[in-house]
Amino acid sequence: MRVGCRIDGVNINNISYADDMVLLSPTVGGLSEMLKVCEMYATEHGLTYNVKKTEYMVFEAAGKCHNIAVNVTLNGMNVKRVTKFKYLGHIITSDLKDDADIERERRALAVRGNMLARRFSRCTKQVKITLFKAYCQSVYTGSLWVKYTKRSHEALRIQHNNIFRMLLGLPRFCSASGMFAAYQTDGFNAIIRKKNRIPY
């Protein structure tokens, strides 16, 4: 279909992974057309879309009115409008800011760090460092963050540093750069810098 969003002349209107599908359109009319195709396909193949799990989002554009009532239906039922949703683990918001996803990562990091500190408290420091690198340095989807507040980014950095201190039994207020250098481990800023590095 020649409907939906286009980037450099390429039609990008459907992003799917397993049973998760995202439809992209700059207009409500285009979205309705794509939903009709989905309904026809489902009917022909004996499938049913779960309308309760279906949501739509209107991305905000500067200078535009965002509160216009939009009626989106699937199988004759109204689809719920949301301002944020999670797709493949990454939180997307209608204002295109990444603070909510950074907070998701901070909470997940806290859970992983506490689990490591509790289960592996008797291990050697080298084992703890290896576990820290494996479980606390991935920063899932961090390379997608482009629009966020300094506050949310700083909160994640502090969480990262505190987990390393807790895991290795270091003083709470010891130098972050010093401790990572002493244990030959990348600090938070180095991890983010490497994730965002563009290969040549």
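The values are calculated or read from the model by the stated rules, or taken from the named source; none is laboratory data. Here the structure is a predicted model, which is why all the values come from computation and not from measurement. Heads up, the Cβs are rebuilt from the backbone with ideal geometry, glycines too, and the neighbour counts pull from every protein chain shown. For the accessible areas, the whole protein counts, side chains as well, though only heavy atoms, and no ligand, DNA or RNA atoms are used. Shrake-Rupley method; radii C 1.70, N 1.55, O 1.52, S 1.80 Å.
Tabulated data
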item	result
Computed [θ] at 222 nm, helices only, for the chain once each DSSP H run of length n ≥ 4 contributes -39500 (n - 2.57)	-13500 deg cm²/dmol
In nm, spacing of pseudo-spin labels at Ala18 and Asn162 (7 Å Cα→C-beta vector)	3.2 nm
Cβ-based charge dipole, segment 61-185, positive-most Cα from Leu96, Thr73, Leu168	Leu168
Reach of Lys150 by Cα under 28 Å, taken over lysines that are not fewer than 8 positions away in the same chain	Lys64, Lys84, Lys86, Lys97, Lys133, Lys194, Lys195
Accessible surface of the chain [probe 1.4 Å, protein heavy atoms]: carbon and sulfur percent	55 percent
About the Cα centre, charge dipole magnitude for the chain (Lys/Arg +1, Asp/Glu -1 at Cβ), debye	1220 debye
Accessible surface, segment 142-200, averaged per residue in Å² (probe 1.4 Å)	67 Å²
The chain - share of DSSP beta bridges that are antiparallel (%, nearest 5)	85 percent
Dipole in debye (nearest 20) - segment 132-200, about Cα centre, beta carbon charges: Lys, Arg +1; Asp, Glu -1	200 debye
Solvent-accessible area per residue, Å², over segment 20-132 with all protein chains present [probe radius 1.4 Å]	66 Å²
Helix 28-44 vs. the chain, principal-axis angle (Cα, 0 to 90°, nearest 10)	80 degrees
For segment 69-200: relative contact order, % (alpha-carbon pairs under 8 angstrom, 6 or more apart)	24 percent
Distance histogram in 5 Å bins (all Cα pairs of the chain, percent per bin)	1, 6, 12, 14, 14, 11, 10, 9, 8, 7, 5, 3, 0
Ratio Rg/Rh [Cα only; Rh per Kirkwood] for segment 110-200	0.97
Computed E for Glu154/Val28 - FRET, C-beta separation, R0 30 angstrom, nearest 0.05	0.20
Residue among Ser143, Phe120, Asn196 farthest towards the positive dipole end of the chain, charges placed on Cβ	Phe120
Coordinate range along principal axes, alpha carbons of segment 67-155, Å, largest first	60, 32, 18
Computed magnitude of the charge dipole of segment 46-143 (debye, nearest 20; Cβ of K, R +1, Cβ of D, E -1)	720 debye
